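The values are calculated or read from the model by the stated rules, or taken from the named source; none is laboratory data. Every value quoted in this text rests on a predicted model; they were computed, and no experiment measured them. A quick note on method: Cβ atoms are made from the backbone with ideal geometry, for glycine too, and the neighbour counts reach across all protein chains shown. Accessible surface areas use protein heavy atoms only, side chains included; no ligands, DNA or RNA. Shrake-Rupley method; radii C 1.70, N 1.55, O 1.52, S 1.80 Å.
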Amino acid sequence: MADPKSEQKKKLALPDLFKKASHGEAISWLTCYDYPTAYLQEQAGIDMILVGDSLGMTILGYDGTLPVTMDDMIPHAAAVRRGAPNTFIIGDMPYMTYQPSVETAIRNAGRFMAEAGCDAIKLEGGGEMADRIHGIVSAGIPAVGHLGLTPQSASMLGGFRVQGKSAAMAKKIVDDAKLLEKAGAFMILLEMVPDRVCKLITERSKDCLIMSLGSGPSAHGQLLIFHDMFGLYPKFKPKMAKVYGNAGEVILNGLQSYVREVGSKAFPQPENYFSMKDDEYNELLQTLG
Ligand code: KIV
């Protein structure tokens, strides 16, 4: 890795994100859960990082995101902040950390800001979550909404599938986006929504940036799950995930070589361990008798 101090980038603030969008430049956004990946993402010039509750699956190995807690999220968000000190970081609120009440939502959103140094939070849900967004924003915390496929309610949505394919369902997503915008969300993520619905919502939004995860090119920017991009999640690869490199394969090959070389004693070589001067060694032998 390069010297962390040598390649510092300017951190984008909320007005910079809006300026980018108003110039027609797309905002780049990735999930991230750890220090070294955050460091690399910042060096690559990513605009925003999401410390997603998807870490329940990608890092902790659960089948879904529901078991994830604030105490799981905070150490990861803090590690990401240490790796990417100059990147806009959004903490993703886990299941049941905002649904019960506005007060619960504000307290947990505050933890992301105070304990992990996040710049904003994200929560899932439509109009029924507008009062949570309003409360959080009123407490001075920038909030991002999340519509379409919302993994925390996958059971109610009939699984991990495209949302808003019928006119009636699409109308509900368009209406929800307006309600979240009115409640003060500065950004809304549309996950697995048809491209034309995403385009409509983007064109109609006034004070809110619209981001796409599998919802097409018309949004103000794009989000991908880092582990899907690099072949690091073994259970499945969603259609919307473009694979930019197969790090999983590279790591597996390396691990197999290590196992082979330890077995055949090809590892370690002198450059992999430390020696001792002859006179010191002889003195040691004498001392030991
Ligand atoms: O947790 C996460 O990474 C997310 C994405 C699926 C949008 O919320």
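Overview of results
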{"item": "Relative contact order (%) - the stretch 4-245, alpha-carbon pairs under 8 angstrom, separation at least six", "result": "16"}
{"item": "Under the Karplus curve 6.51 cos²θ - 1.76 cosθ + 1.60, θ = phi - 60°, whole-Hz ³J(HN,Hα) for the stretch 275-281, x wherever Gly or Pro sits", "result": "10, 9, 5, 4, 5, 5, 5"}
{"item": "In degrees, nearest ten, helix 35-44 long axis to first principal axis of the chain (Cα)", "result": "70"}
{"item": "Pair residue 82, residue 171: separation of 7 Å Cα→Cβ label points (nm)", "result": "5.2"}
{"item": "Amide H within-cut-off set for residue 212, under 5 Å, with H built and near neighbours excluded", "result": "190, 221, 222, 223"}
{"item": "In the stretch 141-242, the chymotrypsin sites (Phe, Trp or Tyr not before Pro) that fall in loop regions by DSSP, at most 15 other Cβ within 10 Å", "result": "160, 236"}
{"item": "Using θ = phi - 60° and Karplus 6.51 cos²θ - 1.76 cosθ + 1.60, couplings along the stretch 48-59 (whole Hz; Gly, Pro as x)", "result": "9, 10, 10, 8, x, 6, 4, 4, x, 8, 6, 10"}
{"item": "Percent RCO, i.e. relative contact order, over the stretch 1-129, from Cα pairs under 8 Å lying at least 6 residues apart", "result": "24"}
{"item": "On Cα atoms only, tilt of 102-116 relative to the major axis of the chain in degrees", "result": "30"}
{"item": "The chain: most fluctuating residue of 11, 242, 277 per GNM, C-alpha cutoff 10 Å", "result": "277"}
{"item": "Interchain or long-range residues, amide H under 5 Å from residue 92's placed H", "result": "51, 53, 122"}
{"item": "Area of residue 280 that stays accessible when all protein chains are in place (1.4 Å probe, Å², to 10)", "result": "100"}
{"item": "Highest-MSF residue in the chain out of 254, 231, 83 [GNM, Cα springs under 10 Å]", "result": "254"}
{"item": "Rounded to 5, the percent of DSSP beta bridges in the stretch 110-229 classed as antiparallel", "result": "5"}
{"item": "0 to 90° range, to nearest 10: angle between helix 247-264 axis and the chain longest Cα axis", "result": "20"}
{"item": "In Å, descending, principal axis extents of the Cα set of the stretch 149-260", "result": "59, 28, 23"}
{"item": "Set of aspartates and glutamates near residue 20 by C-alpha distance (under 20 Å), chain-local residues within fewer than 8 positions excluded", "result": "42, 47, 119, 181, 203, 207"}
{"item": "Principal axis dimensions, the stretch 4-245 - Cα atoms, whole angstrom, descending", "result": "51, 40, 40"}
{"item": "Extended-chain gain in nm, criterion 0.36 nm per residue less alpha-carbon gap, residue 101 and residue 182", "result": "27.2 nm"}
